[in-house]
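Input: a single structure, listed below in structure tokens.
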Amino acid sequence: MIWKIFLFLLLCFVSVAGISFPIVDNPQAWYEFPFIKGLEENAKIIFFHVPTAWLTVIAFFMTAIYSFKYLRKKNLDDDAKSYAAAQLGIIFCILATVTGAVWAKFAWGSFWSWDPRQTSIFALLLIYGAWFALRSSIESEEKRATLSSVYAIIAFVTVPFFIFILPRIMTGLHPGSADDTNAGPVIDFKMNSNMQLIFFLSLIGFTILYFWMWRLGYKSLIYRDKLNKQLLLRG
Amino acid sequence: MEFLEKNAIYIVMIIVLIVWVGVFLYLWNLDKRIKNIEKEIGEKK
């Protein structure tokens, strides 16, 4: 219970702070963000867009972990967990793409410009879209769980390359690209410590939110399966 | 459009709204699934 209240307060604080804290030339107080040339208020997207991409990685990671668990123990509950995680993963993947595209229209001039990160998230969408197609095409429960588990583990191998490596070694528009003069992890990019604090609080908040949503998701799947089995036994 | 270009803070707000729409859609989906479970159990809801 207490963590739900904590999460509520945290996300309220992050939303309010992320949108309304002022941007000034020379930040002094703890609530002031630095002026970043060319970005200005646009820089605040980092508090909401990056967590969605971060949750995509976590969700697909959980998918791979529970797929692996399923293959070892053959427990269908693990399959439900990996399915719920993948559902969230694809939702946040789409959110990261859409929020990025809307923002890019105003900051970079067009919705889509095949920046390395845009290209790689598009590839991820295709890879995990195929995972859902694969699942829905198999009738047998065990067969579906086994095949999709194998696919999910192989698919996750591509995630670190697409999210962490490829966009850093290629030139592009995102901060942290190879031609970015502030090269290095994206979070170091011209952010002062106030901005970093809100950014990390936002990451923590969204991560807790993810685990809450995931738990509700897999519980409902598991109960549905249990109920169906009971009905089958009775009928 | 021009208004949004000059007042970038509203773009940030739109983005937050898009994120909440995504979370809302997930909850919607979850609600449907739970309603189906309730129906199968036989509770009128």
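The values are calculated or read from the model by the stated rules, or taken from the named source; none is laboratory data. All values derive from a computational prediction rather than experimental measurement. Virtual Cβ from ideal backbone geometry, glycine too; neighbours counted across all protein chains shown.
Looking at B:LEU30, B:LEU4 in this structure, which one is of a type outside the set (S, T, N, Q), surrounded by 12 or more Cβ atoms within 10 Å (Cβ to Cβ) and at pLDDT below 85?
On the way: B:LEU30 fails: at pLDDT below 85.
The match here is B:LEU4.
Does A:SER149 fit the bill of being farther than 16 Å from A:HIS49 by Cα, surrounded by 13 or more Cβ atoms within 10 Å (Cβ to Cβ) and at pLDDT 95 or above? Before you say what the answer is, go through the steps one by one.
Numbers: farther than 16 Å from A:HIS49 by Cα: yes; surrounded by 13 or more Cβ atoms within 10 Å (Cβ to Cβ): yes; at pLDDT 95 or above: yes.
Spelling it out, A:SER149 is indeed farther than 16 Å from A:HIS49 by Cα, surrounded by 13 or more Cβ atoms within 10 Å (Cβ to Cβ) and at pLDDT 95 or above.
Quick check on A:PHE122: is it surrounded by fewer than 16 Cβ atoms within 10 Å (Cβ to Cβ) and touching a Ser or Thr at 6+ places or on another chain (Cβ under 9 Å)?
Working: surrounded by fewer than 16 Cβ atoms within 10 Å (Cβ to Cβ): yes; touching a Ser or Thr at 6+ places or on another chain (Cβ under 9 Å): yes.
Yes, satisfied.
So, of the residues in the range A:1-42 that are free of Cβ contacts under 8 Å to residues at least 40 places away in the same chain and in contact with a strand residue (DSSP E or B) (Cβ under 9 Å, 6 or more places away or on another chain), which turns out to be nearest to the other protein chains (Cβ to nearest Cβ)?
A:GLU41
Suppose we filter the range A:125-167 for residues that are in contact with a Phe, Trp or Tyr (Cβ under 9 Å, 6 or more places away or on another chain) and polar (S, T, N, Q); how many remain?
Number satisfying all stated conditions: 3.
Look through A:LEU173, A:LEU134, A:LEU124, A:LEU166 and report the one residue that is free of Cβ contacts under 8 Å to residues at least 60 places away in the same chain, closer than 20 Å to A:TRP114 by Cβ and hydrophobic (A, V, I, L, M, F, W, C).
Working: A:LEU173 fails: free of Cβ contacts under 8 Å to residues at least 60 places away in the same chain; A:LEU134 fails: closer than 20 Å to A:TRP114 by Cβ; A:LEU124 fails: free of Cβ contacts under 8 Å to residues at least 60 places away in the same chain.
Criteria check complete, one pass: A:LEU166.
Every residue in the range A:105-141 that is among the basic types (Lys, Arg) and under 18 Å from the mean Cα position of the chain (by Cα), please. Outline the logic, then answer.
Taking the range A:105-141 and keeping what is among the basic types (Lys, Arg), we get A:105, A:117, A:135.
The one that is among the basic types (Lys, Arg) and under 18 Å from the mean Cα position of the chain (by Cα): A:ARG117.
Kindly indicate whether A:ALA53 is in a helix (DSSP H, G or I) and away from chain B (no Cβ under 11 Å). Before the answer, list the steps.
Values: in a helix (DSSP H, G or I): yes; away from chain B (no Cβ under 11 Å): yes.
Here the answer is yes, as A:ALA53 does meet what is asked.
Looking for something farther than 28 Å from A:GLY109 by Cα and more than 10 Å from every other protein chain (Cβ to nearest Cβ) - is there at least one such residue anywhere in the range B:2-9?
Our first condition is that a residue be farther than 28 Å from A:GLY109 by Cα; within the range B:2-9, this holds for none.
No, the range B:2-9 contains no residue that is farther than 28 Å from A:GLY109 by Cα and more than 10 Å from every other protein chain (Cβ to nearest Cβ).
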